[in-house]
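Contents: one structure, followed by commentary.
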Amino acid sequence: MPAPLKLLIPGPVQPDDDVLAVMGEPVQAHYGPAWTELYRETTRALAQVFGTSGDVHLLVGSGSAALDACLGSACASGQTVIIGVNGFFGQRLQAIAESYGLTVVPVPAPWGQPLNPADFAAALAAHPQAALVAVCHVETSTTIVNPIEAIGAVVRARANTFLVDAVSSLGGLPLRMDDWHIDLCAGASQKCLGAPPGLAPVAVGSRGWQAIDRVPAKGHGWYLNLSVWRQFAVEWGDWHPYPITLATNNVRALRASVLGLLAEGLDQRFQRYRALALRLRQGLRSIGLEPFTPDALLNPVVTAAYGPPGVPTSRLVAYMAERHGIKIAGGMGPEWKDRLIRIGHMSPRLTLADMDDLVARLAQFPN
């Protein structure tokens, strides 16, 4: 095996050593009173990160599994949903919805621009029958942070259900699910939460459960049906509060990372990520690589920048991996694929010195 690359991509991140150590410990059984209490401690901690008094379930899968579960559980085939689309992962939301036979009303914005809450008000007025509104918090393909608090207020005014894709923001940006009128929220373990890939936390508020219960027989399967997860949480809650064999080492690693996040303090972690973003943007400008977004649209956990003029950024990405052992990401989408680089700084172990070192190595690119 080649030497592992230093990961500075928009997930997965390199977890702290104490989190990784848990993955190599003996496997535990996924049921029983002691294990169930550890699981509940983990979901209670995650609820604080989500900013909710609702339920949290730990699905085994990627963030896309969490989104699949939310859309498939809350909506029945034939219903209309409104989805914000200003990048690749907005398109992913649309694709998942369409796979369930839902009629999608897209609310578009140009790639690289945030979604406009007023456009959602217009879409809801034109489609009052819509069952749900779904939006990416962080559109990772362009690094844009969408105004989910303002969109949530628009959605609640129309009494619709609001789903947020927080896969790339949970644990890295402020998220107040209950205060921002978010009814269903999907996350992932391998990004700002600082754990290995494999788990997809889903938070469901009371209005989210109402939406799920409104049409109980959807014919959308069993594994990703959140009603099934709730049933086991209630009926087997004292010893096995989920319907599957859980990935126990992943849960223990996620528990370690989330407890570490809460011990540091959410606001302190958010400020630390913002400081990394500012340092990186300053450094990129100093070597002639202009950030893709203005500072007013700064993303504290992922930064995109234009590559050197006339040079496909895939060459820069390959150079950083082959010469310096650092993995960064290229752009996404036909317009930006070879024009942008994307740098993830959402690992809790990264420091300002890491940003300076990255910039110094980027500056050595022989373009």
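The residue list Leu7, Ala211, Gln94 was ranked by how far each Cα lies along the charge dipole of the chain toward its positive end, using unit charges on Cβ atoms, and Leu7 comes out on top.
The loop-placed GluC sites (Glu not before Pro) in segment 253-361, going by DSSP, that have at most 14 neighbouring Cβ atoms within 10 Å of their Cβ come out as Glu335. Between the amide H of Gln28 and those of Asn249, distances stay under 5 Å, these residues lying 5 or more places away or on another chain, with hydrogens modeled in the peptide plane.
Between helix 88-99 and the chain there is an angle of about 30 degrees, using the helix long axis and the longest principal axis of the Cα atoms. Note on Met332, Met355, Met346: ascending count of other Cβ atoms within 10 Å places them as Met332, Met355, Met346, the fewest first. Among the lysines of the chain, pairs at least eight places apart or on separate chains and with Cα atoms under 23 Å apart come to 6. With axes computed from alpha carbons, what is the tilt in degrees of helix 117-126 against the longest principal axis of the chain, rounded to the nearest 10 within 0 to 90? Here the helix axis deviates by roughly 40 degrees. Summing charges over neighbours of Pro2, with a neighbour being any other residue whose Cβ is under 14 Å away from its Cβ, gives +2 when K and R count +1 and D and E count -1.
The magnitude of the dipole of the chain, with charges of +1 and -1 set on the Cβ of Lys/Arg and Asp/Glu and taken from the Cα centre, is near 540 debye. Compactness ratio for the chain: Cα radius of gyration over 2.2 N^0.38 Å (N = residue count) comes to 0.99.
Across segment 135-188, the relative contact order, built from alpha-carbon pairs under 8 Å that are at least six residues apart, equals 38 percent.
Couplings 3J(HN,Hα) for segment 131-136, derived from phi with the Karplus relation 6.51 cos²θ - 1.76 cosθ + 1.60 (θ = phi - 60°), are 7, 6, 10, 10, 8, 7 Hz, where x marks Gly and Pro. Gain on full extension, evaluated as 0.36 nm per residue between Gln268 and Arg285 minus their Cα-Cα distance, stands at 3.5 nm. Electrostatic bookkeeping for Gln79 treats Lys and Arg as +1 and Asp and Glu as -1; over the other residues with beta carbon under 14 Å from its beta carbon, the sum is +1. Between the amide H of Leu59 and those of Ala200, Val202, distances stay under 5 Å, these residues lying 5 or more places away or on another chain, with hydrogens modeled in the peptide plane. Taking θ as phi - 60° and the Karplus parameters 6.51, -1.76 and 1.60, the scalar couplings of segment 140-152 work out to 5, 5, 10, 6, 5, 9, 7, x, 5, 5, 5, 5, x Hz in sequence order, x denoting glycine and proline. Each Lys or Arg adds one and each Asp or Glu takes one away; over the other residues whose Cβ falls under 14 Å from the Cβ of Leu199, this sums to +3. Dipole check for segment 116-228: with +1 at the C-beta of Lys and Arg, -1 at the C-beta of Asp and Glu, and the Cα centre as origin, the magnitude is about 200 Debye. Annotation: for a label point projected 7 angstrom from Cα along Cα→Cβ of Glu25, residues of segment 40-56 with backbone N closer than 16 Å are 40-43.
Taken together, the values in this text are just the output of simple stated rules run on the coordinates, not laboratory data. Computed from a prediction, not measured in an experiment: that's the story for all the values here. Ideal geometry is used to build each Cβ from the backbone, glycine not excepted, and the neighbour counts take in all protein chains shown.
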